[in-house]
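Asks: Before I ask anything, here is the structure I am working with.
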Amino acid sequence: MTEESDNRSRRRVLQGIGAAGITGLAGCAGGDGGEGTAAGTETSTEGSESTGTEATTGEAGGQTLNFAQTKSPLDFDPMKANDIPSLQVVEQLFDGLYTYEEGTTLTPQLADGEPEVSKGGTRYVVSLKDGVTFHNGDPITAEDVKYSFLAPAREETENGSEFTMIDSVTTVDETTVQFDLKYPFGPFRHKLAWYPVPKSVREGDKKAFNTSDPVGSGPYEFVEWQEGSYVRMQRYDDYWGEPLPEIESLEFTPITEPTTRITTLRNGENQIIQTVPPKLYSTVEGISEANIAERGGLGYYYLSFNCNEGPTADKKVREAIDYAISMDQAVSNYVEPAGVRMTSPLPQSLIDSWGFPDEEWAQIPHDQDQTKAEQLMEEAGVDKDYDWTIIVPPDDKREQIGITVSNALNSMGFSNASVQRLDWGAFLDKYATGNEDDYNMYTLGWVDEVDPDGYLYYMFHESEAGSTNGCYYENDEVMTQLDQARESPDREERKRLYTDAITTILEDRPHLPAYNLKNSFGVRNEVKGFRPHTISGINPRMAGPLGTVTLDE
């Protein structure tokens, strides 16, 4: 999903926002720009068990957890929320039909068990738990669920396209909902990780529901928001679920500058801060009262080629650039320890859970060989006076990947290779035009998808060219495979189709996969039980089957 979304599709391409409470574009909504200069299976969470300073006390008369976000949230209505800071608040206020335990493993939340699937994967029937209510005391009904799945498309919110496969939603009875799909859609189970809202309350005043009076069914209820300053939430003591969080109040504060966030961690102003940039890992590790907690994220950061116009439309040129650089070295220099090298367009947790052949895929990228790079460029007939344009968003890590490429082009005798660092608005206006004058290459990311379709379809399918697909890749066989995989209810068939499609994509090189980032947090020692989740928008999870967050007095 996008970071700085300006329409639904672009939401996925930058860094961190998302579908069904998750995300796509990596860069805007949840990521850092500058990094400052101050002195199926996720990676394990690290944390110290030593005690620290005394926990703060909120207006509710109990403990308050202060959490520093990287940006200010924009929306609290799940029908509209489409960026990581907003989703982090929504996660506290609302429960979904299903939610995620570890990684991308779905578990029932408001639903009373697994969905009943029939009609060749085109019908899903979900029953609700008994006795579950919203914060205003109203029961959660099948009509609320139906309304919540249909409202985004009817209102054309940025989340609307998440449900285009739905043909109809029927209320079988007060607590049973039936979803009928237009076609079998392999990832539909994940769409059920969606937040029901009270129809009557939201319809009464949609603006208030989004900004000043969101009514959910989650463990916390909304207290107050001052845009750009803070969001305050209070534990809902009549919460239907178990366990009830131990922390009574939450205060989320946006602090965009990483060094400033770290200062608030050091002085105890915030007990948890989001995102530790690579250059500042040692700074946080040097704070005796804090530690770094991290978990592998669901991200894919990459170098993309313009396959529509210009020299990079030639596969030989794309392969030459793969030979010209060492992506391993670039990731080591500019991303680690905050991230890890990727050699395919899927994060490791999805590779592991599906059993994809990542060791085979890892052999496809070339080792650096400037002689081979120059040979391929010469065969492609690219003039040494050609003006190369590499555009990057306002992020140091991605800018350094672009600079790595421009330096390699210079070393091959191309004197005009520029890297243009653009603000998000300008970048989003250019990265998917397919116009040679706008870019030959760009660096971007895609995050928080929980199914291979979420990465492959939006990054490479020709139907997404001009929106999330700025490479304009064309391969009829791959397009057919992506179409068949998303419309198949058979996981093994989908795995085979995706394996073949990814292998071809890696060989054709419309992208060069680069790295994945960890969901990293600076955490003071008085915080106990905090475990980062692989899905960015779920953090911080305050209570659940994986543990409960507490503060030492």
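The values are calculated or read from the model by the stated rules, or taken from the named source; none is laboratory data. Keep in mind it's a predicted model, so treat the numbers as computed, not measured. Heads up, the Cβs are rebuilt from the backbone with ideal geometry, glycines too, and the neighbour counts pull from every protein chain shown. These accessible areas exclude ligands, DNA and RNA; they are computed on the full protein's heavy atoms, side chains included. Shrake-Rupley method; radii C 1.70, N 1.55, O 1.52, S 1.80 Å.
Asks: Just to verify a result, which residue in the stretch 84-109, among those that are within 19 Å of residue 274 (Cα to Cα) and in contact with a helix residue (DSSP H, G or I) (Cβ under 8 Å, 6 or more places away or on another chain), is surrounded by the most Cβ atoms within 10 Å (Cβ to Cβ)?
Replies: Among those residues, the one meeting the criterion is 84.
Asks: Taking the stretch 66-107 as the region of interest, how many residues are in a helix (DSSP H, G or I), within 17 Å of the chain's Cα centre (by Cα) and closer than 21 Å to residue 213 by Cβ?
Replies: Residues meeting the conditions: 7.
Asks: Among the numbered criteria (1) surrounded by 23 or more Cβ atoms within 10 Å (Cβ to Cβ); (2) over 19 Å from the mean Cα position of the chain (by Cα), which single criterion is violated by residue 499?
Replies: (1)
Asks: I'm trying to understand the selection: among the residues of the stretch 159-180, which are aliphatic (A, V, I, L, M) and closer than 21 Å to residue 78 by Cβ?
Replies: 165, 166, 169, 177
Asks: Here is a further query. Restricting to the stretch 121-139, count the residues that are under 28 Å from the mean Cα position of the chain (by Cα) and at pLDDT below 95.
Replies: Counting residues in the stretch 121-139 that are under 28 Å from the mean Cα position of the chain (by Cα) and at pLDDT below 95 gives 1.
Asks: Going through 311, 345 one at a time, which residue ends up being open to solvent by less than 40 Å² (accessible area, probe 1.4 Å) and under 29 Å from residue 453 (Cβ atoms)?
Replies: Only one candidate qualifies: 345.
Asks: So which helices (runs of 4 or more DSSP H) stay within the stretch 354-469 end to end and still have 3 or more residues that are acidic (Asp, Glu)?
Replies: It comes to 358-361, 370-380.
Asks: Collect the residues in the stretch 513-535 that are within 30 Å of residue 326 (Cα to Cα) and open to solvent by 10 Å² or more (accessible area, probe 1.4 Å), keeping them in residue-number order.
Replies: Matches in the stretch 513-535: 513, 516, 517, 518, 519.
Asks: Out of the stretch 503-520, which residues are among the hydrophobic types (A, V, I, L, M, F, W, C) and more than 22 Å from residue 339 (Cα to Cα)?
Replies: Of everything in the stretch 503-520, just one residue is among the hydrophobic types (A, V, I, L, M, F, W, C) and more than 22 Å from residue 339 (Cα to Cα), namely 505.
Asks: Also, I was wondering about something else. Can you tell which of 201, 215 is touching a helix residue (DSSP H, G or I) at 6+ places or on another chain (Cβ under 9 Å), β-branched (Val, Ile, Thr), modelled with pLDDT of 95 or more and open to solvent by less than 20 Å² (accessible area, probe 1.4 Å)?
Replies: Matching residue, one of 201, 215: 215.
Asks: Continuing with this model, one more query. Just one of 194, 225 is under 17 Å from residue 69 (Cβ atoms) and either modelled with pLDDT of 95 or more or not in a loop (DSSP other than H, G, I, E, B) (or both); which is it?
Replies: Just one listed residue meets the conditions, 225.
Asks: Starting from the stretch 326-338, take each residue that is at pLDDT 95 or above and list its partners that are in a loop (DSSP other than H, G, I, E, B) and open to solvent by 80 Å² or more (accessible area, probe 1.4 Å), counting only C-beta distances under 7 angstrom and pairs at least six apart or across chains.
Replies: Listed pairs, sorted by first residue: 326/368.
Asks: Find the residue count for the stretch 228-281, including only residues that are of a type in the set (Val, Ile, Thr), open to solvent by 20 Å² or more (accessible area, probe 1.4 Å) and not in a loop (DSSP other than H, G, I, E, B).
Replies: Of the residues in the stretch 228-281, 4 are of a type in the set (Val, Ile, Thr), open to solvent by 20 Å² or more (accessible area, probe 1.4 Å) and not in a loop (DSSP other than H, G, I, E, B).
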